[in-house]
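Working notes, beginning with the structure itself.
The values are calculated or read from the model by the stated rules, or taken from the named source; none is laboratory data. None of the values given here were measured: they were computed from a predicted structure. When we count neighbours, we look across all protein chains shown, and the Cβ atoms used for this are built from the backbone with ideal geometry, even at glycine. Surface accessibility is based on the protein's heavy atoms, side chains included, excluding ligands, DNA and RNA. Shrake-Rupley method; radii C 1.70, N 1.55, O 1.52, S 1.80 Å.
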Amino acid sequence: MSGVTTTIIEVRTSPHLHGPLSVDMIMRNVVYAMLPLAAFSVWQFGLSALVLLATTTAGCVLAEHILCRANGNASTVNDYSAAITGLLLGLTLPPGFPLWMALLGSLVAIAPGKLLFGGLGSNVFNPALVGRAFLQAAFPVAITTYTPTLAKARFAEFVPTTWTMPLMKPPPIADWISQVRVDGFTGATPLVLQKFDHIYTDPWPMFWGQRAGSSGEIPGFLILLCGAYLVFRHMMDWRIPVAMLSGAVAAAAGFHLLDPARYPDPLFMLFTGGLLLGATFMATDPVASPVTPRGMWIYGVLMGVLTILIRNLGGLAEGVMCAILLGNALSPLIDRLTPPRPYGARKPEGAI
Amino acid sequence: MSTTTTPPNPFLNGLWRQNPTFVQILGMCPTLAITNSVRNAIAMGLATAFVLVISNGLIAAIRKHVPKQVRIATYIAIIATAVTVTDYLVKAISIPVYKALGPFIPLIVANCLVLERAEAFAAKKPVIPSMMDGAGMGLGFAFGLTCLGTVREVLGAGTFLSIPLFGPNFEPWVLFLLPPGGFISLAIWLLVFATFRERKQRQLQAGLTEIQPAEVRS
């Protein structure tokens, strides 16, 4: 280098935009933000979680690539959105979920969940949740069969249900669970225990990752950290998760005050199930959520309250998935109710 | 131009070109509600076909004597008669099928396909073509129901006409026996038939210049 330093001063008028965020850059960062969750899941559940996450991710990316090509369009896998869908779907499934079902779920997520509506930017629902909703309705037993965390031989052997033959029933794993469990694990998540057996689990250990559950929903602290990274990079709107979590806490507190013996406290509700994962990574899907700040608050609170209503009053133990899908369905309506008002203009008719 | 083309055969018209399920999308209530097994689907399709043949024939026979103002009420009375006959027939033939179909046999009277054929075809045409049309439409409907029933029974229970296909370890896709499964399998079949039609139209446009006029519906 010579000693000459050149300073370029650019004179421009506003707006002083620099480094615009592109879609694939945001999507890539969402994938980065989910990788710690995937790693934690593999550490907790071992090989089965690894092949499950690999299967759903590869399944979604391949399905998107093949279907785009079959339609005569350019493949859109390079925008990373199919990878996000696959990874998210894997994180919401139980770790020992049969791989053929996971592959089917990936196909449903991408084909009717996303490409049928016109691909990224046009999907009405979060594709990963469409896939999961299909799997829950089609295979209700397999999707509620949970395996213990930190089993001793988890890096040496698979959960027996992982390699189920396509179209076949997964083998019963009660015996296998009683062999590998470290403590008094019964194969049920804290929510199921609370709802059907009235056994309360302490919230704080759950927040630090000590409980059963779907492969990616367990480490509460890690989910919040990863979400904070995306918020910090301006790649995710903080309003939706905050609104959803506070809506859930408020609703749970109301129920708890009414009947403390029957309805658990808000902290328990916050740290169990998929609420943190759903609020952070699924409700914030930029395509299927409202665009105005006020709309985001309404949308988030609505989903949080719905989650608690389903958990406390519904037949299912977990309500996050249905709440988010309902929220997705309502978000165009919320957008119509909350149009942004130009400075000085009157409030549009029908807006709130 | 199109003046030289012959009118479409009424029987084949209903069976394929104007198929009630996949082209006209009529009679969706029984299509979605009772197609969770092939047996129910076939029974329902045949019952509807029977009603269509009788009602189309009777309505065509009296078409010149019915005042225009009360024609719908007259058609409904005739259709209801045919449905009552069918109801007793099904009960006489097979009690299990009768129980499985439940209220959907009496509800054939409300099937828009039956009234649509009476109004669009039997009210204007002689008896024999009307009965042919009824048979074609009815069998086309039965064909549509059987297509749906096949998907739903094979995936939802692993059987076809109660014969196991995949052995005892098959994991049933419960979804396909539930109402959403009806919508999903209908969507799959509509996709398949729409693809067929589009391909055929493209071939027609590429090769032939002759245009077949579609039947005019009132």
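The table below lists the values:
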read-out: Signed unit charges on C-beta, dipole axis of the protein assembly as shown, positive-most listed residue B:49, A:48, A:222; value: B:49
read-out: Estimated FRET transfer efficiency (residue A:208, residue A:58; beta-carbon r; R0 30 Å; 0.05); value: 0.45
read-out: Set of aspartates and glutamates near residue B:64 by C-alpha distance (under 14 Å), chain-local residues within fewer than 8 positions excluded; value: B:119
read-out: Label zone at residue B:80 (point 7 Å along Cα-to-Cβ), backbone N below 18 Å, the stretch B:121-140; value: none
read-out: Chain A: most fluctuating residue of A:284, A:162, A:292 per GNM, C-alpha cutoff 10 Å; value: A:292
read-out: Gyration tensor verdict on the stretch B:1-120 (Cα atoms; rounded if a/c is under 1.5, prolate if a/b is larger than b/c, oblate otherwise); value: oblate
read-out: Within chain B: Cβ-based charge dipole about Cα centre, in debye rounded to nearest 20 (Lys, Arg +1; Asp, Glu -1); value: 480
read-out: Accessible area, probe 1.4 Å, largest first, for residues B:161, A:91; value: B:161, A:91
read-out: MRE, 222 nm, helices only [DSSP H, n ≥ 4, -39500 (n - 2.57), over chain A, to nearest 500]; value: -16000 deg cm²/dmol
read-out: Residue among B:126, B:103, B:30 with the largest mean-square fluctuation in a Gaussian network model of chain B, springs linking Cα atoms under 10 Å; value: B:103
read-out: Accessible area expressed per residue, the protein assembly as shown, with surrounding protein chains retained (probe 1.4 Å, Å²); value: 50
read-out: Accessible area buried, both sides summed, chains A and B with 1.4 Å probe, Å²; value: 1100
read-out: Cα-based equivalent ellipsoid, the stretch B:23-204: semi-axes from gyration tensor eigenvalues, Å; value: 32, 21, 12
read-out: Spin-label proximity, residue B:162 to the stretch B:78-100 - amide N less than 17 Å from point 7 Å beyond Cα toward beta carbon; value: B:91-100
read-out: Ranking by accessible area, most exposed first, for A:134, A:268 with a 1.4 Å probe; value: A:134, A:268
read-out: Estimated distance in nm for a label pair at residue B:99 and residue B:12, the labels positioned 7 Å out from Cα along Cα-to-Cβ; value: 4.4
read-out: Highest-fluctuation residue, A:176, A:100, A:297 considered, GNM on chain A with Cα pairs under 10 Å; value: A:176
read-out: Gyration tensor (alpha-carbon) shape descriptor, the stretch B:101-218, a/c threshold 1.5; value: oblate
read-out: Sequence of B:23, A:42 from largest to smallest accessible area, 1.4 Å probe; value: B:23, A:42
read-out: Options B:33, A:188, A:240, ranked by Cα towards positive dipole end of the protein assembly as shown, top entry (Cβ charges); value: B:33
